[in-house]
1. For segment 329-342, name all the residues that are surrounded by 19 or more Cβ atoms within 10 Å (Cβ to Cβ) and at pLDDT 85 or above.
2. Against the conditions (1) under 25 Å from VAL208 (Cα atoms); (2) modelled with pLDDT under 75; (3) part of a helix (DSSP H, G or I), where does TYR119 fall short? Just the number, please.
3. Among residues belonging to segment 194-225 that are hydroxyl-bearing (Ser, Thr, Tyr) and free of Cβ contacts under 8 Å to residues at least 24 places away in the same chain, point out the one that is surrounded by the fewest Cβ atoms within 10 Å (Cβ to Cβ).
4. Given ILE201, ILE219, which one is at pLDDT below 80 and either assigned to a helix (DSSP H, G or I) or assigned by TED's automatic domain parsing to the domain that holds ASN190 (or both)?
5. So PRO277 ticks every box in (1) modelled with pLDDT of 80 or more; (2) in the same structural domain as ILE370 (by TED's automatic domain parsing) but one. Which box is left unticked?
6. Limited to segment 63-90, what total is found for residues that are of a type in the set (S, T, N, Q) and at pLDDT 80 or above?
7. How do the pairs read when you match residues in segment 43-63 that are surrounded by fewer than 12 Cβ atoms within 10 Å (Cβ to Cβ) with residues anywhere that are modelled with pLDDT of 80 or more, using Cβ under 8 Å and keeping only pairs 6 or more apart or on different chains?
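The values are calculated or read from the model by the stated rules, or taken from the named source; none is laboratory data. Because the structure is predicted, anything quoted here is derived from the model rather than measured. Quick reminder, even Gly has a Cβ in these numbers, built from the backbone with ideal geometry, and neighbours come from all protein chains shown.
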Amino acid sequence: MKYTQEILACHDNPSNLEILYQNARGNNELEQFRDSVLTCYQSAPNNLLYAAWHHRLQNQSNKKTAASHIINWKLAILLAIVNGLILWLCSNISLDDSDFPHYLALFSAPCTAVFMIAYLSISSKQFRTKAVVLQIVILLIIAAYSLLLLSESSGYFEIMVPHLIALSWSAIAIGIINVVSYSTRSRRKNFLFLISSIETIITLGLFVAATFIFSAVTISIFSVINITLSDSITRLVLVGIGGAMPILALAASYNPILDPTKQEFSRGISWLIGTFPPILLALTLPVLVVYLALIPSNFMEAFNNRDVLITYNVMLFAIMLLLLVSTPINTSHKHTPANRMLRLAIIAIASLTIIVSFYALAAVVYRTVIFGLTINRATVIGWNAINISLLCIMVFRQVRCTKDEWITALQSTFSDGIFIYLIWASLVITISPWQFSR
């Protein structure tokens with residue numbers, strides 16, 4: 001780290017250390033200075049000067065984060081209400097003979113992303129017109145494209161919905177992170193934005209669960225007294241309130257004033273994300289070992305049974321997510337026994353998952369040769385190939401890097417994966433309707 005050697009040279013000189021601090025502050029490098037102090041403090045915990053500076057900077061950071069995370073509830077509630085009303089009004093529009101408005105599932109992600117971008121841009125107090133215009137244009141293009149080609153190919157709707165959510169997230173992300181940068185700082189920033197996104201999704205899940213409970217109770221209460229809510233009111237409760245939840249979840253979980261590297265990750269849902277996954281990782285390892293041991297006796301099951309194959313691919317994404325949330329956030333805590341065990345567990349699980357993934361990929365290719373290439377199989381083959389590649393890169397970097405760099409290498413792998421994921425999601429949405437037309 002930049003200031004480590006200078007701080008070590010000031011181990012018994014408070015005056016010079018104060019001068020060094022003021023220089024870092026003047027150069028807007030307090031975060032690097034804080035990380036260097038932490039490194040020196042961990043290497044010499046009995047040094048009172050390091051201990052005093054560590055606690056001083058830690059308290060400053062906590063106070064700054066707490067003071068700056070003032071949620072703009074007025075703006076969040078206003079945008080949430082408008083988004084909910086738009087989705088509620090659109091849910092009554094019928095474009096085909098189906099009772100289910102398929103277009104709503106496609107339109108809701110880009111529409112909600114627009115209001116989330118508005119909240120982030122206005123609340124951050126750094127409104128960048130060009131970036132916001134670019135974000136909204138991307139959302140309008142992908143929404144219009146998906147709606148126009150909705151009926152062009154069989155299975156396009158089922159494929160489109162999750163990919164459209166991913167691209168809507170990417171439109172939000174490009175206003176905050178740089179997915180094509182390969183600098184260490186940018187990769188860490190990308191990784192921490194991923195963690196913040198997961199925190200928002202978990203918060204949204206809690207809000208949606210509460211919404212459905214409220215909706216069920218409301219409808220039940222009226223049904224008890226023989227009052228049946230009209231279809232319009234029922235949609236308002238379900239679609240309208242549900243559409244408002246993503247903006248409120250974003251406001252509650254993410255601080256738009258701060259950079260992703262300066263978000264609070266030590267409490268709340270962030271603390272849960274950092275605490276529970278490593279435990280789940282330890283439970284996953286023996287399950288994978290047993291599963292691999294059972295594959296030879298049931299080798300053709302995935303080749304002949306589509307449901308089994310789907311389970312394999314869902315498991316692959318679940319493990320990728322588990323590895324992501326199990327990655328430590330703080331790159332300074334590297335030498336603890338717990339982190340050494342965590343690193344070994346991540347390498348072991350990634351290696352075993354590669355074997356299972358190749359098996360699942362072989363099954364998909366086999367079914368493609370026998371039954372032909374469909375939009376679903378092409379999509380799954382692409383995702384399998386990407387995930388296998390990322391897992392191989394992950395294991396290679398972990399084996400190759402030093403014990404001081406393993407967390408940085410892990411974070412870099414997930415950061416690199418963002419760009420690859422978004423490229424493939426874009427290709428699936430844009431090319432598949434033309435290649436797999438009815």
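1. LEU342
2. (2)
3. Looking at the filtered set, the residue picked out is SER220.
4. Residue meeting the stated conditions: ILE219.
5. Result: PRO277 fails condition (1) only.
6. 2
7. PRO45/ALA51
For every residue, the table says whether it meets (1) buried (at least 19 other Cβ atoms within 10 Å of the Cβ); (2) farther than 20 Å from SER124 by Cα; (3) among the aliphatic types (A, V, I, L, M).
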site: SER170; (1), (2), (3): yes, no, no
site: LEU192; (1), (2), (3): yes, no, yes
site: VAL239; (1), (2), (3): yes, yes, yes
site: LEU248; (1), (2), (3): yes, no, yes
site: ASP259; (1), (2), (3): no, no, no
site: LEU283; (1), (2), (3): no, yes, yes
